[in-house]
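Engineer: Submitted below is the structure of interest, expressed as C-alpha coordinates.
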Amino acid sequence: MPTEREAARLFYDTLMYTQWLSRQDIEAYQRQQLSQLLHHAAHTTSFYRDRLSKVLLQSGRVDWDRWHEVPVLTRSDVRSRQAEMTSSAIPQVHGRLTQVSTSGTSGVPITVTATRLADIARNVARWRLHSWHELDWSKPMALALGQDPGKSVWPDGRVFKPWGPYWVSHRGLRHVIEVITPVDRLVEWLNRTGAAYFTAMPVTLAAVAEESVRQGKQIKLGATISFGMQARPEYRRVVQERLDVPIIEVYGSEECGPIAMQCRKGALHINSELVRVEIVDDDGSPCPPGVQGRVIVTVLHNAAQPLIRYEQGDLAALAESCDCGLQLPVLGPVSGRIRHLFQFGEGGRFMPSGHVTTEIVGAHLRASWYQIAQTGLNRVEVRFVSPANLSEADLEHSRHAFRTSMGGKDIDIVHKRFDSPPLKPGQKYIEFVNEHAPPDT
Ligand SMILES: [Zn+2]
(Lines give C-alpha, C1' and ligand atoms only; values in the text may rest on other atoms or scores of the structure.)
Protein backbone atom coordinates (compact mmCIF):
# COMPACT_ATOMS: atom_id res chain seq x y z
CA MET A 1 0.00 0.00 0.00
CA PRO A 2 1.47 3.41 -0.90
CA THR A 3 2.15 5.88 1.88
CA GLU A 4 0.04 9.02 2.03
CA ARG A 5 2.87 11.01 0.48
CA GLU A 6 3.30 8.53 -2.35
CA ALA A 7 -0.46 8.53 -2.95
CA ALA A 8 -0.50 12.34 -3.09
CA ARG A 9 2.39 12.40 -5.55
CA LEU A 10 0.72 9.84 -7.78
CA PHE A 11 -2.54 11.76 -7.62
CA TYR A 12 -0.80 15.02 -8.52
CA ASP A 13 1.08 13.47 -11.43
CA THR A 14 -2.21 12.03 -12.68
CA LEU A 15 -3.93 15.43 -12.62
CA MET A 16 -1.00 17.09 -14.35
CA TYR A 17 -1.45 14.50 -17.11
CA THR A 18 -5.24 14.26 -17.37
CA GLN A 19 -5.68 18.05 -17.67
CA TRP A 20 -4.19 17.87 -21.19
CA LEU A 21 -6.32 14.94 -22.36
CA SER A 22 -9.15 15.46 -24.81
CA ARG A 23 -12.60 16.29 -23.45
CA GLN A 24 -13.74 12.76 -24.29
CA ASP A 25 -10.84 11.16 -22.44
CA ILE A 26 -11.36 13.37 -19.40
CA GLU A 27 -15.03 12.36 -19.43
CA ALA A 28 -14.06 8.67 -19.69
CA TYR A 29 -11.64 9.05 -16.77
CA GLN A 30 -14.34 10.76 -14.72
CA ARG A 31 -16.87 8.02 -15.45
CA GLN A 32 -14.39 5.40 -14.30
CA GLN A 33 -13.99 7.17 -10.92
CA LEU A 34 -17.70 7.89 -10.67
CA SER A 35 -18.66 4.30 -11.44
CA GLN A 36 -16.65 3.10 -8.43
CA LEU A 37 -18.29 5.71 -6.20
CA LEU A 38 -21.79 4.75 -7.38
CA HIS A 39 -21.25 1.06 -6.60
CA HIS A 40 -19.75 1.91 -3.23
CA ALA A 41 -22.64 4.26 -2.36
CA ALA A 42 -25.35 1.83 -3.48
CA HIS A 43 -23.83 -1.11 -1.59
CA THR A 44 -22.86 0.58 1.66
CA THR A 45 -25.57 3.20 2.29
CA SER A 46 -29.32 2.73 2.57
CA PHE A 47 -29.89 6.23 1.22
CA TYR A 48 -28.37 5.62 -2.22
CA ARG A 49 -29.50 2.02 -2.74
CA ASP A 50 -32.83 3.08 -4.28
CA ARG A 51 -31.69 6.41 -5.66
CA LEU A 52 -29.07 4.75 -7.83
CA SER A 53 -31.10 1.71 -8.86
CA LYS A 54 -32.01 3.26 -12.23
CA VAL A 55 -28.43 3.81 -13.32
CA LEU A 56 -26.78 0.71 -11.85
CA LEU A 57 -27.59 -2.24 -14.10
CA GLN A 58 -27.67 -5.90 -13.03
CA SER A 59 -24.52 -6.46 -15.05
CA GLY A 60 -22.69 -3.95 -12.87
CA ARG A 61 -22.50 -1.44 -15.72
CA VAL A 62 -23.71 2.14 -15.34
CA ASP A 63 -26.48 3.38 -17.63
CA TRP A 64 -25.18 6.89 -18.24
CA ASP A 65 -28.19 7.76 -20.40
CA ARG A 66 -30.33 7.69 -17.25
CA TRP A 67 -27.91 9.72 -15.12
CA HIS A 68 -30.33 12.67 -14.97
CA GLU A 69 -32.91 10.45 -13.31
CA VAL A 70 -30.78 10.24 -10.17
CA PRO A 71 -32.60 12.61 -7.78
CA VAL A 72 -30.86 15.84 -6.86
CA LEU A 73 -29.50 15.78 -3.32
CA THR A 74 -30.65 18.80 -1.30
CA ARG A 75 -29.14 20.44 1.75
CA SER A 76 -32.17 19.39 3.76
CA ASP A 77 -31.50 15.73 2.72
CA VAL A 78 -27.95 16.14 4.00
CA ARG A 79 -29.23 17.72 7.22
CA SER A 80 -31.94 15.24 8.03
CA ARG A 81 -30.61 11.98 6.58
CA GLN A 82 -26.90 12.15 7.25
CA ALA A 83 -26.82 8.80 9.04
CA GLU A 84 -28.48 6.99 6.11
CA MET A 85 -26.06 8.42 3.57
CA THR A 86 -22.96 7.62 5.60
CA SER A 87 -21.19 4.51 4.35
CA SER A 88 -21.20 1.42 6.56
CA ALA A 89 -17.93 0.23 5.00
CA ILE A 90 -15.52 3.10 4.41
CA PRO A 91 -12.35 1.61 2.89
CA GLN A 92 -9.58 1.83 5.45
CA VAL A 93 -7.19 3.03 2.78
CA HIS A 94 -9.20 6.29 2.57
CA GLY A 95 -7.84 7.29 5.98
CA ARG A 96 -9.23 8.99 9.06
CA LEU A 97 -12.57 10.78 9.09
CA THR A 98 -13.20 14.49 9.53
CA GLN A 99 -16.36 16.60 9.83
CA VAL A 100 -16.94 19.77 7.86
CA SER A 101 -19.73 22.19 8.75
CA THR A 102 -21.01 24.99 6.58
CA SER A 103 -24.06 27.12 5.93
CA GLY A 104 -23.49 27.38 2.18
CA THR A 105 -25.30 30.03 0.19
CA SER A 106 -28.71 29.50 1.75
CA GLY A 107 -28.18 29.84 5.50
CA VAL A 108 -29.04 26.18 6.12
CA PRO A 109 -26.22 24.70 8.21
CA ILE A 110 -25.04 21.17 7.37
CA THR A 111 -22.28 18.83 8.48
CA VAL A 112 -20.60 16.36 6.13
CA THR A 113 -18.23 13.53 7.04
CA ALA A 114 -15.18 13.33 4.80
CA THR A 115 -12.08 11.14 4.56
CA ARG A 116 -8.36 11.85 4.53
CA LEU A 117 -8.34 10.89 0.85
CA ALA A 118 -10.88 13.65 0.16
CA ASP A 119 -8.47 16.05 1.93
CA ILE A 120 -5.57 14.84 -0.18
CA ALA A 121 -7.63 15.39 -3.33
CA ARG A 122 -8.19 19.01 -2.26
CA ASN A 123 -4.51 19.58 -1.57
CA VAL A 124 -3.51 18.07 -4.88
CA ALA A 125 -5.98 20.33 -6.72
CA ARG A 126 -4.50 23.37 -4.98
CA TRP A 127 -1.00 22.32 -6.03
CA ARG A 128 -2.24 22.07 -9.58
CA LEU A 129 -3.57 25.64 -9.31
CA HIS A 130 -0.20 26.82 -8.02
CA SER A 131 1.55 25.13 -10.92
CA TRP A 132 -0.77 26.83 -13.43
CA HIS A 133 0.32 30.21 -12.05
CA GLU A 134 3.94 29.22 -11.41
CA LEU A 135 3.72 30.13 -7.74
CA ASP A 136 7.00 29.55 -5.91
CA TRP A 137 6.47 26.92 -3.21
CA SER A 138 9.66 27.99 -1.41
CA LYS A 139 8.12 31.32 -0.41
CA PRO A 140 5.77 32.00 2.53
CA MET A 141 2.00 31.89 2.01
CA ALA A 142 -0.36 33.91 4.22
CA LEU A 143 -3.97 32.83 4.71
CA ALA A 144 -6.91 34.47 6.50
CA LEU A 145 -9.08 31.48 7.43
CA GLY A 146 -12.04 30.69 9.62
CA GLN A 147 -10.75 27.54 11.31
CA ASP A 148 -9.42 27.26 14.88
CA PRO A 149 -11.13 30.35 16.32
CA GLY A 150 -9.18 32.03 19.07
CA LYS A 151 -5.94 30.26 18.14
CA SER A 152 -4.57 32.05 15.08
CA VAL A 153 -5.02 35.52 16.54
CA TRP A 154 -3.27 38.77 15.72
CA PRO A 155 -0.44 39.78 16.21
CA ASP A 156 1.26 36.47 15.51
CA GLY A 157 -1.35 34.19 14.00
CA ARG A 158 0.03 30.68 13.71
CA VAL A 159 2.66 29.09 11.53
CA PHE A 160 1.84 25.72 9.99
CA LYS A 161 3.70 23.19 7.92
CA PRO A 162 4.56 24.16 4.35
CA TRP A 163 1.88 24.77 1.75
CA GLY A 164 3.73 23.21 -1.19
CA PRO A 165 3.91 19.52 -2.09
CA TYR A 166 5.95 17.07 -0.02
CA TRP A 167 8.46 16.39 -2.77
CA VAL A 168 9.67 19.98 -3.11
CA SER A 169 12.96 20.40 -1.25
CA HIS A 170 12.61 24.02 -0.07
CA ARG A 171 9.11 24.71 1.09
CA GLY A 172 7.80 28.00 2.46
CA LEU A 173 5.59 27.99 5.55
CA ARG A 174 1.90 28.73 5.86
CA HIS A 175 1.13 31.76 8.03
CA VAL A 176 -2.47 31.58 9.15
CA ILE A 177 -4.52 34.28 10.85
CA GLU A 178 -8.17 34.34 11.85
CA VAL A 179 -10.59 35.41 9.16
CA ILE A 180 -12.11 37.94 11.59
CA THR A 181 -8.84 39.90 11.94
CA PRO A 182 -9.54 43.60 11.20
CA VAL A 183 -8.24 44.71 7.83
CA ASP A 184 -5.77 47.30 9.24
CA ARG A 185 -4.13 44.53 11.27
CA LEU A 186 -4.02 42.23 8.26
CA VAL A 187 -1.97 44.86 6.43
CA GLU A 188 0.46 45.10 9.34
CA TRP A 189 0.67 41.29 9.66
CA LEU A 190 1.24 40.75 5.92
CA ASN A 191 4.14 43.20 5.96
CA ARG A 192 5.63 41.55 9.04
CA THR A 193 5.39 37.95 7.74
CA GLY A 194 6.91 38.91 4.39
CA ALA A 195 4.37 36.63 2.69
CA ALA A 196 4.73 36.31 -1.06
CA TYR A 197 1.11 35.23 -1.52
CA PHE A 198 -2.12 35.94 0.33
CA THR A 199 -5.22 33.76 0.34
CA ALA A 200 -8.48 35.27 1.64
CA MET A 201 -12.04 36.03 0.65
CA PRO A 202 -12.13 38.48 -2.27
CA VAL A 203 -13.93 41.15 -0.27
CA THR A 204 -11.13 40.94 2.30
CA LEU A 205 -8.44 41.08 -0.41
CA ALA A 206 -9.98 44.26 -1.82
CA ALA A 207 -10.33 45.83 1.64
CA VAL A 208 -6.68 44.99 2.44
CA ALA A 209 -5.60 46.54 -0.87
CA GLU A 210 -7.49 49.76 -0.06
CA GLU A 211 -6.23 49.83 3.53
CA SER A 212 -2.58 49.40 2.49
CA VAL A 213 -2.85 52.49 0.29
CA ARG A 214 -4.63 54.41 3.05
CA GLN A 215 -1.79 53.56 5.47
CA GLY A 216 0.85 54.26 2.83
CA LYS A 217 2.23 50.75 3.36
CA GLN A 218 3.01 48.94 0.16
CA ILE A 219 2.44 45.18 0.47
CA LYS A 220 4.69 43.23 -1.86
CA LEU A 221 2.85 40.15 -3.06
CA GLY A 222 3.32 37.89 -6.05
CA ALA A 223 -0.35 36.93 -6.27
CA THR A 224 -3.54 36.67 -4.24
CA ILE A 225 -5.90 33.69 -4.14
CA SER A 226 -9.58 34.10 -3.35
CA PHE A 227 -12.12 31.63 -2.02
CA GLY A 228 -15.53 31.64 -0.37
CA MET A 229 -17.36 33.97 -2.73
CA GLN A 230 -17.17 35.25 -6.29
CA ALA A 231 -14.15 37.45 -7.09
CA ARG A 232 -16.33 40.13 -8.64
CA PRO A 233 -14.77 42.60 -11.11
CA GLU A 234 -14.75 45.44 -8.59
CA TYR A 235 -12.66 43.37 -6.15
CA ARG A 236 -10.29 42.33 -8.94
CA ARG A 237 -9.87 45.93 -10.07
CA VAL A 238 -9.02 47.24 -6.60
CA VAL A 239 -6.50 44.46 -5.93
CA GLN A 240 -4.86 44.89 -9.32
CA GLU A 241 -4.67 48.67 -8.98
CA ARG A 242 -3.58 48.89 -5.37
CA LEU A 243 -1.43 45.77 -4.96
CA ASP A 244 -0.40 45.30 -8.58
CA VAL A 245 -1.28 41.60 -8.52
CA PRO A 246 -4.21 39.60 -9.85
CA ILE A 247 -6.80 37.68 -7.85
CA ILE A 248 -6.64 33.98 -8.69
CA GLU A 249 -10.15 32.72 -8.01
CA VAL A 250 -11.03 29.34 -6.56
CA TYR A 251 -14.71 28.39 -6.68
CA GLY A 252 -15.58 25.70 -4.22
CA SER A 253 -17.25 24.89 -0.93
CA GLU A 254 -16.36 23.29 2.35
CA GLU A 255 -18.36 20.18 1.51
CA CYS A 256 -17.22 19.75 -2.12
CA GLY A 257 -13.67 21.17 -2.06
CA PRO A 258 -12.26 23.20 -4.97
CA ILE A 259 -14.81 22.84 -7.77
CA ALA A 260 -13.26 25.14 -10.38
CA MET A 261 -10.05 27.17 -10.47
CA GLN A 262 -8.87 30.11 -12.51
CA CYS A 263 -6.23 29.54 -15.19
CA ARG A 264 -3.69 32.07 -16.46
CA LYS A 265 -6.17 33.30 -19.01
CA GLY A 266 -8.78 33.99 -16.35
CA ALA A 267 -11.15 31.09 -17.08
CA LEU A 268 -12.61 28.98 -14.26
CA HIS A 269 -11.70 25.38 -15.16
CA ILE A 270 -13.67 22.61 -13.48
CA ASN A 271 -11.63 20.02 -11.55
CA SER A 272 -13.29 17.25 -13.54
CA GLU A 273 -11.10 14.50 -12.06
CA LEU A 274 -12.39 15.40 -8.58
CA VAL A 275 -15.96 16.58 -9.12
CA ARG A 276 -18.64 16.11 -11.74
CA VAL A 277 -20.39 19.43 -12.32
CA GLU A 278 -23.76 19.75 -14.04
CA ILE A 279 -25.71 22.91 -14.78
CA VAL A 280 -29.44 22.24 -14.83
CA ASP A 281 -32.60 24.34 -15.18
CA ASP A 282 -35.53 24.45 -12.76
CA ASP A 283 -36.91 21.22 -14.21
CA GLY A 284 -33.59 19.44 -13.87
CA SER A 285 -32.76 19.42 -17.60
CA PRO A 286 -29.16 20.18 -18.58
CA CYS A 287 -28.56 23.81 -19.60
CA PRO A 288 -26.66 24.42 -22.84
CA PRO A 289 -23.42 26.43 -22.57
CA GLY A 290 -24.06 30.10 -21.83
CA VAL A 291 -27.38 29.47 -20.09
CA GLN A 292 -27.35 29.96 -16.34
CA GLY A 293 -28.70 27.20 -14.14
CA ARG A 294 -28.29 25.45 -10.80
CA VAL A 295 -24.87 24.02 -9.99
CA ILE A 296 -25.13 20.28 -9.21
CA VAL A 297 -21.96 18.61 -7.95
CA THR A 298 -20.90 15.01 -7.43
CA VAL A 299 -17.79 14.63 -5.28
CA LEU A 300 -15.73 11.71 -6.58
CA HIS A 301 -13.40 11.06 -3.64
CA ASN A 302 -15.49 11.13 -0.49
CA ALA A 303 -16.41 7.52 0.30
CA ALA A 304 -17.51 8.36 3.86
CA GLN A 305 -20.60 10.36 3.00
CA PRO A 306 -20.99 10.37 -0.76
CA LEU A 307 -22.46 13.55 -2.25
CA ILE A 308 -24.06 12.48 -5.52
CA ARG A 309 -25.86 15.13 -7.60
CA TYR A 310 -25.68 17.57 -4.71
CA GLU A 311 -27.33 20.95 -5.15
CA GLN A 312 -24.55 23.34 -4.29
CA GLY A 313 -26.91 26.33 -4.01
CA ASP A 314 -25.13 28.47 -6.60
CA LEU A 315 -26.04 29.62 -10.09
CA ALA A 316 -23.62 29.45 -13.03
CA ALA A 317 -23.38 28.66 -16.74
CA LEU A 318 -20.98 26.44 -18.62
CA ALA A 319 -18.72 28.63 -20.76
CA GLU A 320 -16.95 28.19 -24.06
CA SER A 321 -13.64 26.37 -23.83
CA CYS A 322 -10.50 28.34 -23.04
CA ASP A 323 -7.49 28.60 -25.32
CA CYS A 324 -4.92 28.19 -22.53
CA GLY A 325 -4.46 24.55 -23.51
CA LEU A 326 -6.21 22.98 -20.51
CA GLN A 327 -9.01 20.73 -21.70
CA LEU A 328 -10.96 20.87 -18.45
CA PRO A 329 -14.45 22.34 -18.98
CA VAL A 330 -15.00 25.99 -18.11
CA LEU A 331 -17.58 27.62 -15.83
CA GLY A 332 -18.76 31.18 -16.31
CA PRO A 333 -19.07 33.54 -13.32
CA VAL A 334 -20.72 31.87 -10.34
CA SER A 335 -23.28 33.82 -8.39
CA GLY A 336 -22.94 32.30 -4.98
CA ARG A 337 -22.35 33.38 -1.45
CA ILE A 338 -22.43 37.07 -0.53
CA ARG A 339 -20.88 38.44 2.66
CA HIS A 340 -20.33 41.99 3.87
CA LEU A 341 -17.61 43.26 6.19
CA PHE A 342 -18.68 44.46 9.65
CA GLN A 343 -17.23 47.34 11.65
CA PHE A 344 -18.02 48.24 15.28
CA GLY A 345 -17.33 51.52 17.04
CA GLU A 346 -13.76 52.62 16.48
CA GLY A 347 -12.57 49.13 15.43
CA GLY A 348 -11.38 48.14 11.98
CA ARG A 349 -13.45 46.48 9.27
CA PHE A 350 -13.48 42.68 9.42
CA MET A 351 -15.11 39.57 7.97
CA PRO A 352 -17.12 37.56 10.53
CA SER A 353 -16.28 33.85 10.66
CA GLY A 354 -18.68 31.52 8.86
CA HIS A 355 -17.24 28.47 10.64
CA VAL A 356 -17.72 29.95 14.08
CA THR A 357 -21.18 31.24 13.25
CA THR A 358 -22.32 27.84 11.97
CA GLU A 359 -21.09 26.30 15.22
CA ILE A 360 -22.79 28.87 17.45
CA VAL A 361 -26.17 28.67 15.76
CA GLY A 362 -25.91 24.88 15.71
CA ALA A 363 -24.89 24.44 19.34
CA HIS A 364 -26.98 27.12 21.04
CA LEU A 365 -29.91 27.87 18.74
CA ARG A 366 -30.19 24.49 16.89
CA ALA A 367 -31.05 26.69 13.92
CA SER A 368 -32.17 25.30 10.58
CA TRP A 369 -31.53 28.73 8.98
CA TYR A 370 -29.75 31.92 10.00
CA GLN A 371 -28.66 35.36 8.91
CA ILE A 372 -26.37 37.71 10.84
CA ALA A 373 -27.01 41.44 10.35
CA GLN A 374 -25.13 44.46 11.61
CA THR A 375 -27.98 46.88 12.26
CA GLY A 376 -26.26 49.61 14.27
CA LEU A 377 -22.84 50.98 15.23
CA ASN A 378 -22.59 48.31 17.95
CA ARG A 379 -25.63 46.18 17.27
CA VAL A 380 -26.03 42.79 15.65
CA GLU A 381 -29.24 40.97 14.87
CA VAL A 382 -29.10 37.17 14.82
CA ARG A 383 -32.04 36.14 12.64
CA PHE A 384 -32.84 32.46 12.80
CA VAL A 385 -35.33 29.65 12.35
CA SER A 386 -35.21 26.83 14.86
CA PRO A 387 -37.50 23.93 15.71
CA ALA A 388 -35.99 23.71 19.21
CA ASN A 389 -37.38 24.82 22.56
CA LEU A 390 -34.83 27.41 23.57
CA SER A 391 -34.22 28.56 27.11
CA GLU A 392 -32.93 31.97 28.19
CA ALA A 393 -29.64 30.18 28.95
CA ASP A 394 -29.35 29.05 25.31
CA LEU A 395 -29.84 32.62 24.12
CA GLU A 396 -27.35 33.93 26.67
CA HIS A 397 -24.76 31.37 25.52
CA SER A 398 -25.38 32.43 21.94
CA ARG A 399 -25.04 36.13 22.81
CA HIS A 400 -21.82 35.47 24.65
CA ALA A 401 -20.38 33.34 21.83
CA PHE A 402 -21.25 35.92 19.16
CA ARG A 403 -19.83 38.76 21.22
CA THR A 404 -16.59 36.81 21.65
CA SER A 405 -16.41 35.79 17.99
CA MET A 406 -16.87 39.39 16.88
CA GLY A 407 -14.23 40.61 19.32
CA GLY A 408 -16.30 43.13 21.25
CA LYS A 409 -17.64 43.24 24.80
CA ASP A 410 -19.86 46.19 23.94
CA ILE A 411 -21.67 44.65 21.02
CA ASP A 412 -25.39 44.36 21.56
CA ILE A 413 -26.53 40.95 20.25
CA VAL A 414 -30.27 40.74 19.58
CA HIS A 415 -32.01 37.48 18.63
CA LYS A 416 -34.88 37.54 16.18
CA ARG A 417 -36.64 34.25 15.68
CA PHE A 418 -38.73 33.52 12.59
CA ASP A 419 -41.02 30.65 11.54
CA SER A 420 -39.44 30.65 8.08
CA PRO A 421 -36.57 32.59 6.47
CA PRO A 422 -37.69 36.26 6.26
CA LEU A 423 -36.62 36.76 2.66
CA LYS A 424 -38.88 38.29 0.04
CA PRO A 425 -39.39 36.27 -3.18
CA GLY A 426 -36.25 36.55 -5.29
CA GLN A 427 -34.32 38.28 -2.51
CA LYS A 428 -30.74 37.05 -2.34
CA TYR A 429 -29.61 35.53 0.93
CA ILE A 430 -26.62 37.34 2.44
CA GLU A 431 -25.05 35.43 5.30
CA PHE A 432 -23.39 38.47 6.91
CA VAL A 433 -25.31 41.57 5.90
CA ASN A 434 -24.24 45.05 6.94
CA GLU A 435 -27.42 47.11 7.08
CA HIS A 436 -25.81 49.83 9.19
CA ALA A 437 -23.19 50.79 6.59
CA PRO A 438 -24.02 48.82 3.44
CA PRO A 439 -21.21 48.46 0.90
CA ASP A 440 -21.50 50.50 -2.29
CA THR A 441 -21.76 47.41 -4.47
ZN1 LIG B 1 -7.80 28.31 -19.41
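Engineer: Conditions first: (1) within 16 Å of the ligand (Cβ to nearest atom); (2) in a loop (DSSP other than H, G, I, E, B); (3) crowded, with 19+ Cβ neighbours inside 10 Å; (4) touching a residue at least 60 places away in the same chain (Cβ under 8 Å). Residue 250 passes all but one, so which condition is the exception?
Structural biologist: Evaluating residue 250 over (1) within 16 Å of the ligand (Cβ to nearest atom); (2) in a loop (DSSP other than H, G, I, E, B); (3) crowded, with 19+ Cβ neighbours inside 10 Å; (4) touching a residue at least 60 places away in the same chain (Cβ under 8 Å) leaves (2) as the failure.
Engineer: Ok, one more. Restricted to segment 206-229, and to residues that are within 16 Å of the chain's Cα centre (by Cα) and outside any strand (DSSP E or B), which residue is surrounded by the most Cβ atoms within 10 Å (Cβ to Cβ)?
Structural biologist: That would be 228.
Engineer: Still on this structure, I have one more. From (1) at pLDDT below 95; (2) within 21 Å of residue 200 (Cβ to Cβ), pick out the condition that doesn't hold for residue 133.
Structural biologist: So residue 133 meets the others, but not (1).
Matching residues to (1) within 16 Å of the ligand (Cβ to nearest atom); (2) surrounded by fewer than 22 Cβ atoms within 10 Å (Cβ to Cβ); (3) closer than 30 Å to residue 187 by Cα:
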| site | (1), (2), (3) |
| --- | --- |
| 241 | no, yes, yes |
| 254 | no, yes, yes |
| 257 | no, no, yes |
| 265 | yes, yes, yes |
| 268 | yes, no, yes |
| 274 | no, no, no |
| 281 | no, yes, no |
| 292 | no, yes, no |
| 298 | no, no, no |
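This table checks each residue for (1) within 25 Å of the chain's Cα centre (by Cα); (2) within 19 Å of residue 179 (Cα to Cα); (3) in a strand (DSSP E or B); (4) free of Cβ contacts under 8 Å to residues at least 60 places away in the same chain.
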{"residue": "387", "(1), (2), (3), (4)": "no, no, no, yes"}
{"residue": "394", "(1), (2), (3), (4)": "no, no, no, yes"}
{"residue": "433", "(1), (2), (3), (4)": "yes, yes, yes, no"}
{"residue": "437", "(1), (2), (3), (4)": "no, no, no, no"}
{"residue": "440", "(1), (2), (3), (4)": "yes, no, no, yes"}
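Engineer: If you don't mind, there's one more thing I want to ask. Taking interchain pairs and intrachain pairs at least six residues apart, which have beta carbon atoms under 8 angstrom, with the first residue in segment 280-304 and closer than 21 Å to residue 38 by Cβ and touching a residue at least 24 places away in the same chain (Cβ under 8 Å) and the second of a type in the set (S, T, N, Q) and outside any strand (DSSP E or B)?
Structural biologist: Listed pairs, sorted by first residue: 300/30; 300/33; 301/33; 303/87; 304/86; 304/87.
Engineer: I would also like to ask the following. Give me a count of the residues in segment 1-27 that are under 18 Å from residue 329 (Cβ atoms) and acidic (Asp, Glu).
Structural biologist: Of the residues in segment 1-27, 2 are under 18 Å from residue 329 (Cβ atoms) and acidic (Asp, Glu).
Engineer: So is residue 108 under 21 Å from the mean Cα position of the chain (by Cα), closer than 30 Å to residue 360 by Cβ, surrounded by fewer than 19 Cβ atoms within 10 Å (Cβ to Cβ) and not assigned by TED's automatic domain parsing to the domain that holds residue 356 or not?
Structural biologist: On the way: under 21 Å from the mean Cα position of the chain (by Cα): yes; closer than 30 Å to residue 360 by Cβ: yes; surrounded by fewer than 19 Cβ atoms within 10 Å (Cβ to Cβ): no; not assigned by TED's automatic domain parsing to the domain that holds residue 356: yes.
Against the criterion (under 21 Å from the mean Cα position of the chain (by Cα), closer than 30 Å to residue 360 by Cβ, surrounded by fewer than 19 Cβ atoms within 10 Å (Cβ to Cβ) and not assigned by TED's automatic domain parsing to the domain that holds residue 356), residue 108 does not qualify.
Engineer: Just the residues that are buried (at least 20 other Cβ atoms within 10 Å of the Cβ) and more than 22 Å from residue 276 (Cβ to Cβ), please, taken from segment 66-105.
Structural biologist: Residue satisfying the conditions is 103 alone.
Engineer: Moving on to the next point. Restricting to segment 317-339, and then to whatever is within 16 Å of the ligand (Cβ to nearest atom) and in a strand (DSSP E or B), can you tell me which residue is nearest to residue 251 (Cα to Cα)?
Structural biologist: Filtering first and then ranking leaves 331.
Engineer: Cβ-Cβ below 8 Å, separation at least six or inter-chain, first residue in segment 23-37 and in the same structural domain as residue 302 (by TED's automatic domain parsing), second part of a helix (DSSP H, G or I): which pairs?
Structural biologist: 25/18; 26/18; 29/18; 31/64
Engineer: Within segment 349-366, restricting attention to residues that are modelled with pLDDT under 95 and either within 16 Å of the ligand (Cβ to nearest atom) or in a loop (DSSP other than H, G, I, E, B) (or both), which residue is farthest from residue 295 (Cα to Cα)?
Structural biologist: 349
Engineer: How many of the residues making up segment 171-190 are at pLDDT 95 or above and either more than 30 Å from residue 433 (Cβ to Cβ) or assigned to a strand (DSSP E or B) (or both)?
Structural biologist: So the count comes out to 7.
Engineer: Is one or more of the residues making up segment 417-426 small (Gly, Ala, Ser), over 20 Å from residue 183 (Cα atoms) and at pLDDT 95 or above? Lay out the reasoning, then the answer.
Structural biologist: If we filter segment 417-426 for residues that are small (Gly, Ala, Ser), which is where we start, we get 420, 426.
Still in the running and over 20 Å from residue 183 (Cα atoms): 420, 426.
Narrowing further to those that are at pLDDT 95 or above: 420.
Yes: segment 417-426 contains one or more residues that are small (Gly, Ala, Ser), over 20 Å from residue 183 (Cα atoms) and at pLDDT 95 or above.
Engineer: For segment 323-348, which positions are at pLDDT below 90 and crowded, with 21+ Cβ neighbours inside 10 Å?
Structural biologist: 337
The values are calculated or read from the model by the stated rules, or taken from the named source; none is laboratory data. Predicted model, so just to flag it, every value in this text is computed and none were measured. All Cβ positions, even for glycine, are placed from backbone atoms using ideal geometry, and neighbour counts span all protein chains on display.
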